1. Test each condition in (1) polar (S, T, N, Q); (2) open to solvent by less than 20 Å² (accessible area, probe 1.4 Å); (3) touching a Pro at 6+ places or on another chain (Cβ under 8 Å) for Ser315 and report the one that comes out false.
2. Do the conditions hold for Val203, that is, is it more than 16 Å from Thr138 (Cβ to Cβ) and touching a strand residue (DSSP E or B) at 6+ places or on another chain (Cβ under 6 Å)?
3. Please indicate, with yes or no, whether at least one residue in the stretch 52-66 is open to solvent by 70 Å² or more (accessible area, probe 1.4 Å) and touching a Pro at 6+ places or on another chain (Cβ under 8 Å).
4. Somewhere in the stretch 392-412, is a residue at pLDDT below 95, more than 24 Å from the chain's Cα centre (by Cα) and open to solvent by 10 Å² or more (accessible area, probe 1.4 Å)?
5. Within the group Ser43, Ser73, which residue is on the phi < 0 side of the Ramachandran plot and modelled with pLDDT of 95 or more?
6. Would you please list the contacts, defined by Cβ atoms under 6 Å and residues six or more apart or on different chains, that run from a residue in the stretch 3-18 that is assigned to a loop (DSSP other than H, G, I, E, B) to a residue that is open to solvent by 90 Å² or more (accessible area, probe 1.4 Å)?
7. Give the residue that is farthest from the chain's Cα centre (by Cα), with candidates limited to residues of the stretch 293-312 that are open to solvent by 20 Å² or more (accessible area, probe 1.4 Å) and of a type in the set (Asp, Glu).
8. Among what's in the stretch 28-51 and is assigned to a loop (DSSP other than H, G, I, E, B), of a type outside the set (Ser, Thr, Tyr) and over 30 Å from Val286 (Cα atoms), pick the residue that is most open to solvent (accessible area, probe 1.4 Å).
Amino acid sequence: QFGRTEVIDNTLNPDFVRKFIMDYFFEERENLRFDFYDVDSKSPNLSKHDFLGQMFCTLGEIVGSQGSRLEKSIVGIPGKKCGTVIVTAEELGCCRDSVLMQFCANKLDKKDFFGKSDPFLVFHRSNEDGSFTICHKTEVVKNTLNPVWQAFKISVRALCNGDYDRTIKVEVYDWDRDGSHDFIGEFTTSYRELSRGQSQFNVYDVINPKKKGKKKKYVNSGTVTLLSFLIETEVSFLDYIKGGTQINFTVAIDFTASNGNPSQPTSLHYMNPYQLNAYGMALRAVGEIIQDYDSDKMFPALGFGARLPPDGRVSHEFALNGNPQNPYCHGIDGVMEAYYRSLKSVQLYGPTNFAPVINHVARYAASVKDGSQYFVLLIITDGVISDMAQTKESIVNASKLPMSIIIVGVGPAEFDAMEELDGDVVRISSRGRFAERDIVQFVPFRDYIDRSGNHVLSMARLAKDVLAEIPEQFLSYMRVRGIKPLPAPPPYTPPIHVLQTQI
């Protein structure tokens, strides 16, 4: 149990206020269950109250719904309509802002015997216990009592831990070569004060407490002025999803003869009635997470490396559902069904060519570069790639497009070529051109087989590793193109229930 809402008395249309803060991971399937009760007494024991039904979903489903608002039926009492529930999610934002600030000073105390001072600033944030932690030092400006420091960028979290009224202490020093920097003075401020920008409020007296104690007429040891204050919000993956960006998921399955005869238990394509084969497991593991971000849940599913009926021609880009004009399958279950059906009708052949399916998805990705859609291609393969040069060329071209490629290697083959395509160690290139960004993630399926035979665990681990890089790859595309997320649709406001009275 993660938590409970407050109890709202005497209503069938409650609007709950309590929020729950959870960690969100794109690459994990986070299953949630909401149980509804009619509270009859003060007892915390749920069995003492009437059960009204429940709703199951994933956190990804809520986040991936339009405006991150999910409306779903409540179920659990046979033969009874239990109503609906609306769940909304929002990302906690204060931790993502950074600030660009610039300061200058006037008439600082002269500390050096020869020449003027060499001033620099040190910023400290205050902690809960009253102590201070250094969070930024400016550069030293040599030989001046009226320095202008360069603008610097700092995260709001580092500056004040997201608490706008927390004290920020700033010390002014005169730099000395031997490291015994002379203290000129200090002042305090807060994020809220600084955020007023350049104004009379942001001119600070630099005070040296020792001097203040000694000299009656002491005013200050100079002043520091805020010249500019600019807030920059780092946009996140969820900002785009909330603004309506769709993730389009395409599957490509290797039907080359090296997989072994599908009717034999040794084959990687063997259809065991009791458990999924490696292809099915990889497909389900990745697909079940990505499908939460695709509103129509229609996925193109392709095969490559097989001879197709009726004439036995070899294809490296065929629709698993047998319909080249419309290769879309409904949901991951639809993809699995089409995969099993095509295993019965096509003949496993070869060679192992990746370029055609990569180019297939790239054609779609090239037609929508405005940030409204992003394409993820999952290639599941057993092996040694035959068209390495063409594949590299395709990947270098695709690195300019809104797409990512996931390759899952199944079976015992050597996957050296796949590691090369992954480009984590050496950025992939083709004919002297380097990929604009890293868009390929390769994992060998055998690393995830759970020794105890717990497939749920191995699928979760596989999905986690395979999908972990997607949000960053997605953001790198949007950043390079300067595409900002669209505003989320307005928040849901519940209809006002009019009480009708009988006269």
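1. The failed condition is (3).
2. Details: more than 16 Å from Thr138 (Cβ to Cβ): yes; touching a strand residue (DSSP E or B) at 6+ places or on another chain (Cβ under 6 Å): yes.
Here the answer is yes, as Val203 does meet what is asked.
3. Here is the first cut: in the stretch 52-66, the residues open to solvent by 70 Å² or more (accessible area, probe 1.4 Å) are 52, 56, 66.
Going one step further and asking which of them are touching a Pro at 6+ places or on another chain (Cβ under 8 Å), we end up with 66.
So far as the stretch 52-66 goes, yes, one or more of its residues are open to solvent by 70 Å² or more (accessible area, probe 1.4 Å) and touching a Pro at 6+ places or on another chain (Cβ under 8 Å).
4. yes
5. On the way: Ser43 fails: modelled with pLDDT of 95 or more.
One residue alone meets the criteria, Ser73.
6. Close Cβ pairs satisfying both conditions: Thr5/Arg18; Glu6/Arg18; Asn13/His497.
7. Going through the qualifying residues, I end up with Asp311.
8. First, the residues of the stretch 28-51 that are assigned to a loop (DSSP other than H, G, I, E, B): 28-30, 39-45, 49.
From what's left, of a type outside the set (Ser, Thr, Tyr): 28-30, 39-40, 42, 44-45, 49.
Imposing the further condition that a residue be over 30 Å from Val286 (Cα atoms) reduces the set to 39-40, 42, 44-45, 49.
Values: Val39: 65, Asp40: 94, Lys42: 199, Pro44: 99, Asn45: 69, His49: 19 Å².
Within the stretch 28-51, the match that is most open to solvent (accessible area, probe 1.4 Å) is Lys42.
The values are calculated or read from the model by the stated rules, or taken from the named source; none is laboratory data. This is a predicted model, so every value here is computed, not measured. We place every Cβ from the backbone using ideal geometry, glycine too, and count neighbours over all the protein chains shown. In case anyone asks, the SASA skips ligands and DNA or RNA and just uses the protein heavy atoms, side chains included. Shrake-Rupley method; radii C 1.70, N 1.55, O 1.52, S 1.80 Å.
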